[in-house]
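Trainee: What follows is a single structure, and I will ask about it in a moment.
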Amino acid sequence: MVRLHKSAIRVTDISGQYWCERQMELHHLFGRKITKEIKAGRKMHEALENESNAPVALEPRSYADYLYKQLYTGGLGIATMEKSGLTREIPVYGSINGYKLVGKIDQLNVGPNKEVIITENKVRTNDKSPSDAQIESNKIQLLFYKKMMDDIQSGSYTSENFKRSYGTNTLKVTEEFVRQINALGVRKEMQSIDAVADFFFKSVANMGKVGDDIVLKYVNQFTGETIKMCTLKYDSGEMSRASDYVMKYWRGERESLPVPESEKWKCNICMFFGKECKVWWPQNEADRN
Ligand code: SF4
């Protein structure tokens, strides 16, 4: 955590560990190349969010402003779901072995039996079905989101845990941001991080129970067509094995692992191959050509 200058583990980092842990680490150390797939993904998420959630005109000027905006829009998004049955881009906070855990859920919707369903939307540049390795890595993300939501709903991770862990008593939103939230009509008593944290955690705790069905949806970025949709079941045993595995890395008990030989095909599409990572780089020049 110190070496990667991180104060919280992102759920997307954990998903990255399941693709290639060494690659996830190198992304943090050397920066991430913003590929056209990543750009397309961001565009799609933005478009989907605007389609389901009312846009909130807030321009954060500091970390405290940013945190406020996340909690406020998250709470509003959940209220939207209660009315329309669907919301998108909901932040989620939690803890894993005492480490801060943070993520953003692509989509929450109310299912036919009134339980809330978590969906992760992934864009692809063609109609090819995702590989099993891709599905596995994306599924881990969903397992963690479900566990984090369960922890909030069961009271294992509360607003008070959040406030302690983020030191909210020392955070104050900027004057410019107060002007913006005043313009939105946010009540005076809701203008602190503590108050907005209470609002957000209460909204999650009181929404419908998050069900065991978790959904992965792959969409073609150009046509908007669904390529593949997988409805998977949350399994607490699988979640706890995943948590044990990933935490050995974050606690510094082991170095980051490269992909095993059976998955070295992933190296051919990795920006670090042959440069920062030579684990599977052919030793012999003839094999490289
Ligand atoms: S080159 Fe291969 S092993 Fe190395 S970081 Fe990339 S995917 Fe992982």
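The values are calculated or read from the model by the stated rules, or taken from the named source; none is laboratory data. Just so it is clear, the model here is predicted, and its values are computed rather than measured. In this analysis, Cβ positions are derived from the backbone assuming ideal geometry, glycine residues included, and neighbour counts consider all displayed protein chains.
Trainee: What number of residues in region 117-135 are over 14 Å from Val11 (Cα atoms) and either in contact with a Cys (Cβ under 7 Å, 6 or more places away or on another chain) or among the acidic types (Asp, Glu) (or both)?
Mentor: So the count comes out to 3.
Trainee: Still on this model: State which residue pairs qualify: first residue free of Cβ contacts under 8 Å to residues at least 12 places away in the same chain and inside region 265-283, second residue assigned to a helix (DSSP H, G or I) and more than 8 Å from the ligand (Cβ to nearest atom) in any location, beta carbons under 6 Å apart, and separation of 6 or more residues or different chains.
Mentor: Going by the 6 Å Cβ cut-off, the qualifying pairs are Pro282/Arg288.
Trainee: Related question: Out of (1) surrounded by 15 or more Cβ atoms within 10 Å (Cβ to Cβ); (2) β-branched (Val, Ile, Thr); (3) at pLDDT below 80, the odd one out for Ile34 is which?
Mentor: Just one mismatch for Ile34, condition (1).
Trainee: Same structure, new question: Could you list all residues from region 276-289 that are near the ligand (Cβ under 9 Å from one of its atoms) and outside any strand (DSSP E or B)?
Mentor: Glu276, Lys278, Val279, Trp280, Trp281
Trainee: Here's a follow-up. Just for region 182-206: of the residues that are out of contact with any helix residue (DSSP H, G or I) (no Cβ under 7 Å at 6 or more places or on another chain) and of a type in the set (Gly, Ala, Ser), which one is modelled with the highest pLDDT?
Mentor: Looking at residues that are out of contact with any helix residue (DSSP H, G or I) (no Cβ under 7 Å at 6 or more places or on another chain) and of a type in the set (Gly, Ala, Ser), I get Ser192.
Trainee: Now a separate question. How many residues are modelled with pLDDT under 70, closer than 21 Å to Asp13 by Cα and surrounded by 13 or more Cβ atoms within 10 Å (Cβ to Cβ) if we restrict to region 42-60?
Mentor: 1
Trainee: Listed residues Lys248, Lys209; which is modelled with pLDDT of 95 or more, within 22 Å of Lys6 (Cα to Cα) and surrounded by fewer than 19 Cβ atoms within 10 Å (Cβ to Cβ)?
Mentor: Lys248 is the lone residue from the list that is modelled with pLDDT of 95 or more, within 22 Å of Lys6 (Cα to Cα) and surrounded by fewer than 19 Cβ atoms within 10 Å (Cβ to Cβ).
Trainee: In region 218-234, how many are touching an Asp or Glu at 6+ places or on another chain (Cβ under 9 Å) and exposed (fewer than 14 other Cβ atoms within 10 Å of the Cβ)?
Mentor: Step one: of region 218-234, the residues touching an Asp or Glu at 6+ places or on another chain (Cβ under 9 Å) are 219-221, 223, 225, 227, 231-234.
Cutting the leftovers down to exposed (fewer than 14 other Cβ atoms within 10 Å of the Cβ) gives us 223, 225, 231, 233.
Residues flagged as touching an Asp or Glu at 6+ places or on another chain (Cβ under 9 Å) and exposed (fewer than 14 other Cβ atoms within 10 Å of the Cβ) within region 218-234 amount to 4.
Trainee: Let me confirm something: among Met247, Met229, Met239, which residue is farther than 28 Å from Arg22 by Cβ and either in contact (Cβ under 8 Å) with a residue 12 or more places away in the chain or not charged (D, E, K, R) (or both)?
Mentor: Exactly one of Met247, Met229, Met239 is farther than 28 Å from Arg22 by Cβ and either in contact (Cβ under 8 Å) with a residue 12 or more places away in the chain or not charged (D, E, K, R) (or both), namely Met229.
Trainee: Next question, about the same structure. Taking the condition without any contact (Cβ under 8 Å) to a residue 60 or more places away in the chain and hydroxyl-bearing (Ser, Thr, Tyr), does Ser165 pass?
Mentor: no
Trainee: Here's something else I'd like to know. Which of the residues belonging to region 139-188 are of a type in the set (Val, Ile, Thr) and either assigned to a helix (DSSP H, G or I) or surrounded by 21 or more Cβ atoms within 10 Å (Cβ to Cβ) (or both)? Spell out how you get there, then give the answer.
Mentor: Going through region 139-188, the residues of a type in the set (Val, Ile, Thr) turn out to be 140, 152, 158, 168, 170, 173-174, 178, 181, 186.
The answer is Ile140, Ile152, Thr168, Thr170, Val173, Val178, Ile181.
Trainee: Looking at Glu263, Glu238, Glu255 in this structure, which one is exposed (fewer than 15 other Cβ atoms within 10 Å of the Cβ) and assigned to a loop (DSSP other than H, G, I, E, B)?
Mentor: Glu255
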